[in-house]
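These notes concern the structure reproduced below.
The values are calculated or read from the model by the stated rules, or taken from the named source; none is laboratory data. Every value quoted in this text rests on a predicted model; they were computed, and no experiment measured them. Heads up, the Cβs are rebuilt from the backbone with ideal geometry, glycines too, and the neighbour counts pull from every protein chain shown. With ligands, DNA and RNA removed, areas are computed over all heavy atoms of the protein, side chains included. Shrake-Rupley method; radii C 1.70, N 1.55, O 1.52, S 1.80 Å.
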Amino acid sequence: QRLTYEERMARRLLGPANAASVLDTQGEENMQNAQHQNAENIRLQVPTTHVRSRPSSRGDDRGHDSIQEKFFQPRFTQVPEDVVIEEGRFCRLDFKVSGLPTPDVMWYQNGRMVHQDQFHKMIVSEKGFHSFIFEAVKSADAGTYECVAVNRAGEASFTVKVEVIAKEHHMPPTFIFKPQSKKVFEGDTARLECQISAIPTPRIYWKRNNEMVQYNTDRISLLHDNTGRICLLIHNASKKDAGWYTVSAVNGAGVATCHARLEVASKFQPLPAPKQLRVRPTFSKYLALNGRGLDVKQAFSPEGEFQRLAEQSGLYESDEL
């Protein structure tokens, strides 16, 4: 016969005979108190404790003195909502379950049991609180999850959907080709062009001598296309447009910067006169030396012949040598 803790202590302290007489008088009162406590626990929806009932020693209609233990089917008192989460993030599903005896909890993803590993953790805390943790959500974790709680009195379950959003691939801006320094005349159109590769599409900033360029005007405009080509157009360029230009591309992955110089010159600037060189003829006998060899006859001609050859060949002796 299975005895309660109170019965064992009474037998030890009072003896078997005295303990039986004392416990018989308290049996009926204990049964009433237990029934009242069970009703109160059911009303409050909290797990009940073990309740054992011992029939009176005076005998009953069933004719046996057995101790009966109460069992309660698992019941979920708190369940998580559906989750939409980005790939690579931390995720936690919290829930609370009651039942007697304490139920065992199992998880199924699309009908397949989920086992604990380095990316999936199942935590049990006090008072029936449980947690299912994703350390880093992957695309394979998407699906419908079913949580099943089982004990000897029965089972209960709930489902939750987990949707995983693919993480966007980020790439910092890089210049495929950079803007080149240029020189234009006043009144002409200046073009500073470059091409940038980045994911996602970066924001573009232009500065002239560390001051922001105010484009989208009638004279200055910024053009770009889907390939990443960027062009800063300056119509009717003037002297005030000259200087160092800086282009910066910024996105969530990084920043890229490049510099180029723009020079604006006057359109009708007179060219300096070339320096006049004083040339005097030479009478060297080697003027007759050419690609066809040495003309001996011309080398020993009179002085007038040397002067004529010097004028024809275009050679001269400079004072600056």
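At 1.4 Å probe size, with the rest of the protein present, what percent of the exposed accessible area of region 72-165 is carbon and sulfur atoms? Heavy-atom surface of region 72-165 belonging to carbon and sulfur, 1.4 Å probe: 46 percent.
Relative contact order of region 171-265, please, whole-number percent, based on alpha carbon pairs below 8 angstrom and at least 6 residues apart. Present the calculation step by step, with values, prior to reporting the outcome.
On the way: 223 pairs, mean separation 37.8, N = 95.
With pairs under 8 Å counted, the relative contact order is 40 percent.
For region 171-265, the fraction of 1.4 Å probe accessible surface lying on carbon and sulfur atoms is 49 percent.
What does the charge dipole of region 157-281 about its Cα centre add up to, to the nearest 20 debye, if the Cβ of each Lys and Arg holds +1 and the Cβ of each Asp and Glu holds -1? Display every interim value, and only then the final one.
Details: 18 positive and 10 negative charges, 168 e Å.
It comes to approximately 800 debye.
Residues in region 72-165 average 59 Å² of solvent-accessible surface per residue, probe 1.4 Å, ligands and nucleic acids excluded. In sequence order, region 256-265 has phi-based couplings of 10, 9, 8, 10, 8, 10, 10, 10, 10, 9 Hz under the Karplus curve 6.51 cos²θ - 1.76 cosθ + 1.60, θ = phi - 60°, and Gly or Pro positions carry x. Largest accessible area first, the residues 92, 191 order themselves as 92, 191 under a 1.4 Å probe with ligands, DNA and RNA left out. When region 171-265 is described by a simple charge dipole with +1 on each Lys and Arg Cβ and -1 on each Asp and Glu Cβ, the residue from 190, 214, 243 located farthest towards its positive end is 243.
Solvent exposure of region 171-265 amounts to 57 Å² per residue of accessible area, where only protein heavy atoms count and the probe is 1.4 Å. For residue 106, the accessible area of its heavy atoms, probed at 1.4 Å with every protein chain present, is near 60 square angstrom.
With 0.36 nm allotted per residue and the present C-alpha distance subtracted, the residue 4-residue 235 stretch has 73.2 nm of extension available.
Relative contact order of region 72-165, taken over Cα pairs closer than 8 Å and 6 or more residues apart, is 39 percent.
Largest to smallest in accessible area, the residues 119, 76, 90 fall in the order 90, 119, 76 (1.4 Å probe, all protein chains included). Maximal additional length on extending the residue 123-residue 140 stretch stands at 4.0 nm, based on 0.36 nm per residue less the C-alpha distance.
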